[in-house]
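Participant: Okay, handing you the structure first.
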Amino acid sequence: MENERKIPQILAVYLPQFHETKDNNLWWGEGFTDWETVKTAEAYFPGHNQPRVPRNQHYYDLSQKEVLETQARLAAEYGVGGFCFYHYYFKDGKKELELPAENLLKWKDIKMPFCFNWASESWIRSWSRFTGNVWAEKYERQETDGAGSISGILAEQDYGNEEDWAKHFAYLLPFFQDDRYIKKDGRPVFIFYSPNDIKPLGEMTECWRRLARKAGIDDLYLIGSRLSAPNPYLDAAIIYEPRNSINTLNAGGEAGIREGVRCFDYERIWECINASQPVYGFKTYFCGVSGYDDTPRRGTSGECLINAAPDIFERQLKALVQKSINAENEFLFVNAWNEWGEGMYLEPDMTDGYGYLKAIKNVVNASYHWEKTDVKEEAQEAVKAEMKALNDNVQKFKSLFELIDRWLFLEQERRVNFKRYFQDRGIHTVAIYGMAALGKHVLIQLKREGIAPLFGIDRYVGQFGEDFKIFRPEEEFPAVDAVIITAYDADSIGRQLKDRCEGKMITLCEVIDEMARW
């Protein structure tokens with residue numbers, strides 16, 4: 001048929017973690033890999049599928065060639081078109097978990113198509129004041145004399161200058177030139193997991209494209225995740241899941257708390273995935289999810305998808321394939337092949353066996369023709385939804401910019417004084433709602449003024465030290481005289497907390513405006 005389309009190549013996100021490394025031994029103890037996290041996982045509520053056990057208890061070692069050979073053979077047999085390796089490259093060229101990819105580069109006989117996804121955040125400890133990737137929160141209480149024990153940084157990210165970018169590209173070039181490296185129209189595919197965090201992204205990508213041409217590569221195909229608008233330095237976007245849909249359901253109040261664990265229904269997550277809209281005016285790839293449960297790494301601070309099943313995965317993946325065909329996408333990502341510590345894996349386990357792999361095979365080998373369907377009406381609605389979302393974001397960031405602008409002017413005039421504000425209103429105990437960037441700055445300012453907030457409230461429970469606990473909005477928390485709301489949607493947050501908090505609800509905007517009148 002004229003309208004018939006080839007289904008996109010299914011690429012599974014791949015974690016190169018399961019082998020012993022010097023730094024893991026230093027940070028978490030001799031012989032540590034993420035299998036220790038998996039094996040020691042706990043079931044926190046009835047029906048909680050933990051601990052996860054690989055089929056035949058095969059806790060493999062990714063430094064062994066036969067393991068990569070088996071994975072490549074399994075992927076090919078069940079319709080997985082390639083692996084998207086996490087790439088960990090830090091300040092001054094420091095690398096982590098690089099061995100599996102480097103071994104694959106050497107072992108040319110392993111037929112494993114692959115590309116890289118640069119997880120470019122710093123690695124930090126959960127109690128750190130820094131922003132970055134925390135992946136072993138349950139182990140944070142271990143004492144260590146190792147690197148990062150004082151600063152809280154395990155591996156620092158710094159994007160450097162042109163010399164650093166050239167060194168990074170020189171490391172990547174042999175991979176890009178490998179026949180197995182995944183390409184679009186001859187252009188090596190490279191994903192930036194956090195492009196918005198890379199301030200010199202424009203200069204860096206220009207440098208890389210220039211070096212690629214010099215090396216005989218026409219161009220690179222650069223994809224960015226977590227984008228809300230087209231990026232002029234990148235070629236496409238990817239909607240990274242399940243984080244995008246978890247955030248959507250979270251904002252809509254669809255989280256359920258079970259023994260402290262924040263839970264989301266697997267089917268609802270997939271409904272959000274299939275309803276997600278591309279970045280307006282920008283080529284956008286979609287991402288399915290095999291599951292999610294990060295409690296092995298984060299304990300009751302974690303999140304979990306419940307009621308996951310291979311039949312749901314197959315049915316919803318089929319819809320996502322159709323969505324990708326309609327968008328004329330060459331790739332469709334699935335998170336993940338082997339993220340066992342976060343409950344995201346396609347590999348066979350003792351509960352579902354080969355169920356998720358069989359689901360992919362069934363979708364890939366569907367007996368009917370895949371066709372591009374008429375999506376005019378759907379596209380029009382998508383444009384309306386995208387325009388509304390963009391407008392909402394414009395208003396949000398405009399409001400936040402104006403607030404920060406007023407705060408900075410007050411700071412220059414030495415008129416920032418939370419202590420006076422609280423004293424004038426008889427407030428003795430406070431909490432902070434919203435522990436993102438503004439919340440962190442409020443916390444630092446209060447401590448600078450000798451005020452010790454009792455706790456924080458946030459949808460994501462990280463930690464800022466032993467003396468500052470963060471509660472979820474649904475949890476019971478101690479009484480305070482006032483809660484400072486730093487988040488944008490202050491009205492809805494105030495209504496949410498009203499029945500469970502007797503203290504005053506004060507927005508950061510109110511505090512700053514009052515200081516401006518002094």
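Participant: Work from the charge dipole of the chain (Cβ charges, +1 for Lys and Arg, -1 for Asp and Glu, about the Cα centre) and give the residue of 99, 182, 257 farthest towards its positive end.
Facilitator: 182
Participant: When the dipole is taken about the Cα centre of the stretch 209-278, and only Lys, Arg (+1) and Asp, Glu (-1) are charged at their Cβ, what size is it in debye, to the nearest 20? Write out the running numbers ahead of the final one.
Facilitator: On the way: 9 positive and 9 negative charges, 101 e Å.
Dipole magnitude for the stretch 209-278 comes out near 480 debye.
Participant: Going 7 Å from the Cα of residue 30 in the Cα-to-Cβ direction, what parts of the stretch 60-84 have a backbone nitrogen less than 16 Å from that spot?
Facilitator: none
Participant: Would you indicate which of (i) 82, 62, 50; (ii) 72, 58, 54; (iii) 85, 52, 42 is the value of Cα extents along the principal axes in Å derived from the coordinates of this structure?
Facilitator: Structure-derived value, by its label: (ii).
Participant: If you don't mind, there's one more thing I want to ask. Given the -39500 (n - 2.57) contribution per DSSP H run of 4+ residues, what per-residue ellipticity at 222 nm results for the chain, rounded to the nearest 500 deg cm²/dmol?
Facilitator: Numbers: 16 runs with 188 residues, N = 518.
Helix contribution divided over all residues of the chain: -11000 deg cm²/dmol.
Participant: Which FRET efficiency value, to the nearest 0.05, is calculated for residue 20 and residue 257 with the Förster distance at 51 angstrom and r the Cβ-Cβ distance? Present the calculation step by step, with values, prior to reporting the outcome.
Facilitator: Working: r = 37 Å, r/R0 = 0.72.
E between residue 20 and residue 257, to the nearest 0.05, is 0.90.
Participant: Using +1 on the beta carbon of Lys and Arg, -1 on that of Asp and Glu, and nothing else charged, what's the dipole of the chain about the Cα centre, debye to 20? Show your work: numbers first, answer last.
Facilitator: Details: 64 positive and 81 negative charges, 125 e Å.
Charge dipole of the chain: 600 debye, to the nearest 20.
Participant: Tell me, in nm to one decimal, what length is gained between residue 199 and residue 454 on full extension, where the rule is 0.36 nm per residue of separation less the Cα-Cα distance?
Facilitator: Stretched fully, the residue 199-residue 454 segment lengthens by 88.3 nm.
Participant: Among 505, 515, what's the order by accessible area (1.4 angstrom probe), most exposed first?
Facilitator: On the way: 505 55, 515 0 Å².
Largest accessible area first, the list is 505, 515.
Participant: Tell me whether the stretch 256-365 comes out rounded, prolate or oblate; compute the Cα gyration tensor, take square roots of the eigenvalues as a ≥ b ≥ c, and use a/c under 1.5 as the rounded threshold.
Facilitator: Oblate, because a/c is 1.5 or more while a/b does not exceed b/c.
Participant: Per residue and in cubic angstrom, what volume does the convex hull of the Cα atoms of the stretch 1-75 have? Kindly include the intermediate steps, with their values, before the conclusion.
Facilitator: Working: hull volume 14.2 nm³, N = 75.
Convex hull of Cα atoms, per residue: 189 Å³.
Participant: How much FRET efficiency would the formula 1/(1 + (r/R0)^6) give for residue 170 and residue 361, where r is the Cβ-Cβ distance and R0 is 35 Å, rounded to 0.05?
Facilitator: Numbers: r = 39 Å, r/R0 = 1.11.
Using R0 = 35 Å, I get an efficiency of 0.35.
Participant: To continue, here is another question. Under a crude label model (7 Å from the Cα following the beta-carbon direction), how far is residue 399 from residue 92 in nanometres?
Facilitator: 4.4
Participant: From the Cα gyration tensor of the stretch 5-125, with a ≥ b ≥ c the square roots of its eigenvalues, which class applies: rounded if a/c is under 1.5, or else prolate if a/b is larger than b/c, or else oblate? Walk me through the numbers before you get to the answer.
Facilitator: On the way: a/c = 1.57, a/b = 1.13, b/c = 1.39.
Since a/c reaches 1.5 but b/c is at least a/b, the shape of the stretch 5-125 is classed as oblate.
Participant: Residues of the chain: accessible area per residue at 1.4 Å, in Å²?
Facilitator: 46
Participant: What is the diffusion coefficient of the stretch 478-517 in µm²/s, taking the Kirkwood radius over Cα pairs and the Stokes-Einstein relation at 20 °C with a viscosity of 1.002 mPa s?
Facilitator: The estimated diffusion coefficient comes to 202 µm²/s.
Participant: Now for a separate question. Can you give the accessible area of residue 120 in Å² (nearest 10), computed on protein heavy atoms with a 1.4 Å probe?
Facilitator: Approximately 0 Å² for this residue.
Participant: Considering only protein heavy atoms, what is the solvent-accessible area of residue 459 at a probe of 1.4 Å, reported in Å² to the nearest 10?
Facilitator: Taking all protein chains as shown, residue 459 has close to 70 Å².
Participant: Run the accessible area of the chain with a 1.4 Å probe and give the carbon-and-sulfur part as a rounded percent.
Facilitator: 49
Participant: Still on this structure, I have one more. By accessible area of protein heavy atoms, probe 1.4 Å, what ranking do 73, 226, 180 get, highest first? Mind dumping the intermediate values first?
Facilitator: Details: 73 145, 226 110, 180 30 Å².
If we order 73, 226, 180 from most to least accessible, we get 73, 226, 180.
Participant: Please list, ordered by chain and number, the residues whose modelled amide H lies under 5 Å from the amide H of residue 221; skip anything fewer than 5 residues away on the same chain.
Facilitator: Placed amide hydrogens put 189, 190 under 5 Å from residue 221.
Participant: By its C-alpha gyration tensor, with a ≥ b ≥ c as the square roots of the eigenvalues, how is the stretch 168-324 shaped: rounded for a/c under 1.5, else prolate for a/b larger than b/c, else oblate?
Facilitator: Prolate shape, in that a/c is at least 1.5 and a/b is the bigger ratio.
Participant: Pull out the extension gain between residue 411 and residue 69, defined as 0.36 nm times the separation in residues minus the alpha carbon to alpha carbon distance; nm, one decimal.
Facilitator: Answer, rounded to one decimal: 117.2 nm.
Participant: So which lysines can residue 358 reach, going by Cα to Cα under 22 Å and dropping same-chain residues fewer than 8 places off?
Facilitator: Within reach: 6, 111, 318, 323.
The values are calculated or read from the model by the stated rules, or taken from the named source; none is laboratory data. What you see is a predicted model; the values in this text were computed from it and never measured. No Cβ is skipped: glycine too gets one built from the backbone with ideal geometry, and neighbour counts run over all protein chains shown. What goes into the accessible areas is simple: the full protein's heavy atoms, side chains included, and nothing from ligands, DNA or RNA. Shrake-Rupley method; radii C 1.70, N 1.55, O 1.52, S 1.80 Å.
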